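Written out below as C-alpha cells is the structure these notes cover.
Throughout, read-outs are computed from the coordinates displayed, never taken from laboratory work. Keep in mind that this is a model prediction, so the values were computed, not measured. Note that each Cβ is placed from the backbone with ideal geometry, even for glycine, and that neighbours are counted across all protein chains shown.
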C-alpha cells in the first residue's frame, strides 16, 4: 500500500512538480485554491486559511508549498503586507498541521515539510516582510521537530529565487535573469524541479534520520562569496 502524501499548493510551481514526480511512489492528495486537471490525484479546491478542510485519514506526509515574494523597502511596506505574508506562509501551514495531526497514520514513515528562503539566513535588502514570515517557518520547523519526535519528522527547504510563476515579475527578461545568476556562486537560476526533488527526498524513507533541519538549496548564495 502506498503512503499518503498531502501537498498543499500543487497547482503550479514547486508543488506541481512535486505532485508529478510523486504519483508513482505515493498516493497524492492535493489542496489548492486553483483547480488542477489530474485524474491520478485526489484533489480539493479551497482556501486553507478560510475554508473548511476536508477529512483525510491515514496521512503519512504533509508538504506545505504556498508562499509569497513581496520585495519592497521597509518604508513602502504596510502592516497589511506583513500580515498577509504571515498568513500565507505561516498561519496557513499552522492551520493545516493542527487540523491533520490527529489524522496521521499510526504506522510507517511520517513527515512534515515546509518552505523557508535563503533570505532568512542571509541579510538581503527589501526582504523584510517575507524574511520575517519565513523566519517564523524556520522556528516552527525546529519546534515541531522536537515536539512531534519520534513519530513525525519535520524539516524545511530554504531555496534561493526559483524560476516559477511566483517569481515571473522578477525574472521578467533575459537581462534580469543574467543579473540574478551572477549573484550566485554556481551561476544558475533554480527551477521547480531542483526544489521539488529536495522536498521529495525529505519525505522519503531515505531521510528517516533527518528532522529539525533547514536544507539550503541556493546555488551557494547563502554561504559563499566567490
*For the chain, just the Cα atoms, rotate onto the principal axes and tell me the three extents in Å, largest first.*
48, 37, 36
*At 7 Å along the Cα-to-beta-carbon direction for both residue 98 and residue 173, put a label point, then send me their distance in nm to one decimal.*
4.6
_Relative contact order of the stretch 144-219, please, whole-number percent, based on alpha carbon pairs below 8 angstrom and at least 6 residues apart._
51
*Mind giving me the FRET efficiency for residue 83 and residue 53? R0 is 25 Å, r the Cβ-Cβ distance, nearest 0.05 is fine.*
0.70
*Assuming R0 = 30 Å, what is the FRET efficiency of residue 1 and residue 37, from their Cβ-Cβ distance, to the nearest 0.05?*
0.70
_I need the Debye-formula profile for the stretch 104-226: one equal scatterer per C-alpha, no solvent, reported as log10 I(q)/I(0) at q = 0.12 1/Å, two decimals._
-0.49
*asked:* If I take R0 = 35 Å and measure r between the Cβ atoms of residue 209 and residue 183 in this structure, what FRET efficiency does the formula 1/(1 + (r/R0)^6) give, to the nearest 0.05?
replied: 0.55
*Does anyone have the angle between helix 13-22 and the longest principal axis of the chain? Alpha-carbon axes, 0 to 90°, nearest 10?*
40
